[in-house]
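The values are calculated or read from the model by the stated rules, or taken from the named source; none is laboratory data. Note that the structure is predicted; figures quoted are calculated from it, not measured. FYI the Cβ positions are ideal-geometry reconstructions off the backbone, even for glycines, and counts take in every protein chain you see. SASA here: full protein model, heavy atoms, side chains in, ligands and nucleic acids out. Shrake-Rupley method; radii C 1.70, N 1.55, O 1.52, S 1.80 Å.
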Amino acid sequence: RVAIVVPHPALIRVLEALAREYAVPVAPESLGSFLETADGRVIDALLSAPAREYPARELRTLARLEPSLSRLADALEARGIAAGGAAYPLLMDDPQALAALERIEALAAPAHGTPAQLLEWFEALIEGVVGDLSLRDSARVTGREALRILGGDVVDGAVFTDWLRSLLGTVSVPHPDAGRGV
């Protein structure tokens, strides 16, 4: 085993790219972000996709929860449609994809609500997506922190999800491939 200590974070990506080019297995041993995990990417897509009208790349990520969304993403990309209202006529050709998108929209869109309602929504979201119990606990703490920052009796769901995304990016977790590289 060889350890490479990188003095500046910007060099990490350069070294990883070189390792891929020369087929040298490397794995970062440093901590990563919750949003860099597979579950974290799905949570991030659920929190951000509604505001951006479900771009195809987000649909591919969400296909982990609803596999028929990958067919929708393929159809959008084949027709050069990035996202949004123009996508819905395409969905009419695939009732399963339409139903899947409706389920994702229902899952991903919190309304204005009391802090307790929003926390309940977020906890149900992470229960359905995040398998690792320690990651669930970290996400729950982050949800409570976002609500503490926002304060008030009624909180805008969109503002809450923005804070969640921001704070979840700061939650450190070990890289899933730590210890498997050179």
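Within region 15-34, if we keep just the residues that are out of contact with any strand residue (DSSP E or B) (no Cβ under 8 Å at 6 or more places or on another chain) and part of a helix (DSSP H, G or I), the residue that is modelled with the highest pLDDT turns out to be Glu21. The residue that is modelled with the lowest pLDDT, counting only those in region 35-80 that are open to solvent by 30 Å² or more (accessible area, probe 1.4 Å) and of a type in the set (A, V, I, L, M), is Ala51. Inspect all residues belonging to region 147-155 and state whether any of them is of a type in the set (Gly, Ala, Ser), assigned to a helix (DSSP H, G or I) and either loosely packed, with under 15 Cβ neighbours inside 10 Å or out of contact with any helix residue (DSSP H, G or I) (no Cβ under 8 Å at 6 or more places or on another chain) (or both). Scanning region 147-155, I find no residue that is of a type in the set (Gly, Ala, Ser), assigned to a helix (DSSP H, G or I) and either loosely packed, with under 15 Cβ neighbours inside 10 Å or out of contact with any helix residue (DSSP H, G or I) (no Cβ under 8 Å at 6 or more places or on another chain) (or both), so the answer is no. Residues of region 35-49 that are outside any loop (DSSP other than H, G, I, E, B) and either among the acidic types (Asp, Glu) or in contact (Cβ under 8 Å) with a residue 60 or more places away in the chain (or both): Leu35, Glu36, Ala38, Asp39, Gly40, Val42, Ile43, Asp44, Leu46, Leu47, Ser48.
Rundown of residues vs (1) among the hydroxyl-bearing types (Ser, Thr, Tyr); (2) open to solvent by 10 Å² or more (accessible area, probe 1.4 Å); (3) out of contact with any strand residue (DSSP E or B) (no Cβ under 8 Å at 6 or more places or on another chain), yes/no style:
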| position | (1), (2), (3) |
| --- | --- |
| Arg103 | no, yes, yes |
| Ala108 | no, no, yes |
| His112 | no, yes, no |
| Trp121 | no, yes, no |
| Ala124 | no, yes, yes |
| Gly131 | no, yes, yes |
| Leu135 | no, yes, no |
| Gly143 | no, no, yes |
